[in-house]
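One structure is given below, encoded as structure tokens.
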Amino acid sequence: MFGLFLAINVSGFMSLLCAQSTPVAKVDTPAIEVKMIQDGEVALPAEFQVALYEDLIQEFQKEGAFREVYRDGDRNAAQSSNVISLYTSVRKFKQGSELERDVTTVAGSTSITVHCQFKARNGAVLLERDIEGKVRLRGDNLKATEDFAKKAAKITPQSLSAEAASSIATVPKASYSPGPGW
């Protein structure tokens, strides 16, 4: 008899427990739209411009931190509710020599510095920083674009929201004075 009572109570408790479970709220992870590389302060050879863009797309897809990775002009990005846009422009570019890198370890490096702006749909800047890509020892000059893209793709939605929160927190509050006579 006690075993039957225990079985009924356990099953009743389990159904009560299951009935009271609430679905977990799903966090809306943003998507990212990678805009075409803008002409910045430096003229960039076409192969580097294309490699920068394609490497960015590939690295963001590989990292998987964003819900979706859209190319510039993708109609799906315009229809998506939560999209962060990445705007980039080249600040510095030094094309090195593969031959010099193969012969010596101190010369021939290629470097590129790209200014990145992550913006919300309303235009608010969530994060703004310069990221540098380099190839120093061996490899094709275009490896500098791959190095840059790997560093840029490390930026996640969590780091964007943390950066935005810290920038809001550091804005000094205006002092309020009720004026004369108070």
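Computed from the coordinates by the stated procedures, all read-outs in this text should not be read as laboratory data. Predicted model only: the values in this text are computed from it and were never measured. Cβ atoms come from the backbone with ideal geometry, glycine included; neighbour counts cover every protein chain shown.
The table below gives the values:
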quantity: Sites Lys94 and Asp74, calculated FRET efficiency, Cβ-Cβ separation with R0 35 Å, nearest 0.05; calculated: 0.60
quantity: Chain lengthening between Gln61 and Ala43 when straightened (0.36 nm per residue, less Cα-Cα); calculated: 3.7 nm
quantity: Full-stretch length increase - Glu54, Val125 - with 0.36 nm per residue and alpha-carbon distance subtracted; calculated: 23.2 nm
quantity: Most to least packed among 51-59, 74-82 [average Cβ atoms within 10 Å]; calculated: 51-59, 74-82
quantity: Listed residue pairs exceeding 18 Å between alpha carbons, taken from Lys62/Lys151; Lys92/Lys151; Lys35/Lys134; Lys62/Lys94; Lys35/Lys143; Lys92/Lys119; calculated: Lys35/Lys134; Lys62/Lys94; Lys35/Lys143; Lys92/Lys119
quantity: Peptide ranges 116-126, 146-156 listed from the most packed, as the mean C-beta count within 10 angstrom indicates; calculated: 146-156, 116-126
quantity: For Asp72, residues with placed amide H under 5 Å, excluding near neighbours; calculated: Val34, Met36
